[in-house]
Amino acid sequence: MMRVTLINLWDKGGMIHYFSQLTNALAKTEEVTVIIPDSASSNYFNKNINIKRIKVPTEASLKELVSFPSKLIRIPFFLKTVRDTNPDVIHITSGHPWSFMAMPFLKKYKIFVTLHDPEPHVGEKHLRKILSIRMSLKYATKIFVHGKQLRNLLTNKISKNKIEIIPHGDYSFFTKWEDNSVHEERSVLFFGRILDYKGIQYLIQAEPLIAKEIEDIKIIIAGKGNLRKYEKLIKNKNNFEIINEFIPDEKVARLFQRCAVVVLPYIDGTQSGIIPIAYSFKKPVIATNVGSIPEVVENGRTGYIIEPRNSKILAESITKLLKDDNLRKQMGDNAYTKMKEELSWDKIAEKTVMAYKSVVRRGPSSGHGRCRGLCCRGK
């Protein structure tokens, strides 16, 4: 059994969801400690996980951190907290500024980094993102990515042997908030933060084409972000439902229950946690051919993969699924099966542990005073 210290310094949204599901699965076989912000809920974590909390700016950019020395003063405490866990492995699962600033001071440890985005998205090429990626590539013992295409992005920067493909796991925990009184509507759901690379304008421009075929169409846009530049594109406001705010966990299920189809019209991307949420609720996904998304959405089986920046094809794909109840249901069932068989956190944890063990070779001289069999297995 290894001592694994996992670090996530964001307190809500997709990063804490991913982190908690992974750590809960790892804790079934390993001794797991998590380091999280003091503002994060402990309800995400199983009882056998050791939780360490630190006071950390959860909405901070690198500029803000430098501007406020009082925040930087807390970084040594963060480093001490990590070292005091006496880890065999440190695993950083998100690119908070403190994480990549700490890496040079933790290089004596085996550091694993889950790099959700090996390259910055369109509109996100700012200093914090760039530094996070560069520091990860420099100091990580191994990099985890969510698909073959993402691994290929890194092979000209680091050795292929340092890169491990670990799928994004399921988010079926959202189904605990299902409400049996909520029924499916003839609606399309765009869910998540409103950002430039998400291609939301192409969904908006697809609406008049869909409305010609589906008279009671409803397009639901739910997520936090700046919608002002997109609102002027909306022609038929009655066909849209806008929820422009952060969606708390307990309200996610209702949105996915209501929709018939989930769409990701991204113009750029890597992978997405929205897909496993959709699969959890047996919803087909229409997504664009970007990053490793086609490795999770099986074209014609769990949804459709279409070319990006094409509102006409997007509209045709949505219309086809809304008109064919049997096809839509079959794709939803296929999606749920794929989630259960391929996106299981237990399988992901098993593969993650194998990656840890591939580089952890400890003996009495390692400083831990005992090897607990890790260095002697197979002899």
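Tabulated data for the structure shown
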{"quantity": "Across Lys47/Lys107; Lys212/Lys235; Lys218/Lys323; Lys198/Lys229; Lys80/Lys142; Lys108/Lys157, pairs whose alpha-carbon gap is larger than 18 Å", "calculated": "Lys47/Lys107; Lys80/Lys142; Lys108/Lys157"}
{"quantity": "Relative contact order [Cα under 8 Å, 6+ residues apart], the chain, whole percent", "calculated": "14"}
{"quantity": "Surface share of carbon and sulfur [accessible, 1.4 angstrom probe, percent] for region 137-278", "calculated": "43"}
{"quantity": "Inter-label distance, nm, simple model (7 Å from Cα along the C-beta direction), Asp11/Glu342", "calculated": "3.7"}
{"quantity": "Accessible area per residue in Å² at 1.4 Å probe, computed on region 105-208", "calculated": "47"}
{"quantity": "Helix 200-213 axis, angle to the chain major axis (alpha carbon atoms, nearest 10°)", "calculated": "30"}
{"quantity": "Qualifying aspartates and glutamates (Cα of each under 16 Å from Cα of Lys338; at least 8 residues distant if same chain)", "calculated": "Asp170, Glu295, Glu298, Asp346"}
{"quantity": "Spacing of the two label points (7 Å from each Cα toward its C-beta) at Leu227 and Thr155, in nm", "calculated": "4.2"}
{"quantity": "Acute angle (nearest 10 degrees) that the helix 249-258 long axis makes with the longest principal axis of the chain, alpha-carbon atoms", "calculated": "30"}
{"quantity": "Accessible surface, per residue, of region 213-303 when the full set of protein chains is kept, probe 1.4 Å, Å²", "calculated": "41"}
{"quantity": "Part-to-part distance (alpha-carbon centres) for region 199-267 and region 1-48, which is given in Å", "calculated": "32"}
{"quantity": "Identified option (computed Cα extents along the principal axes in Å; candidates (i) 62, 41, 38; (ii) 117, 46, 35; (iii) 72, 50, 43)", "calculated": "(iii)"}
{"quantity": "Degrees separating the helix 14-26 axis from the principal Cα axis of the chain, which is the longest one", "calculated": "50"}
{"quantity": "Relative contact order [Cα under 8 Å, 6+ residues apart], region 134-182, whole percent", "calculated": "36"}
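The values are calculated or read from the model by the stated rules, or taken from the named source; none is laboratory data. Everything numeric in this text was worked out from a predicted model, so none of it was measured. Cβ atoms come from the backbone with ideal geometry, glycine included; neighbour counts cover every protein chain shown. Please note that ligands, DNA and RNA were not included when accessible areas were found on the heavy atoms of the full protein model with its side chains. Shrake-Rupley method; radii C 1.70, N 1.55, O 1.52, S 1.80 Å.
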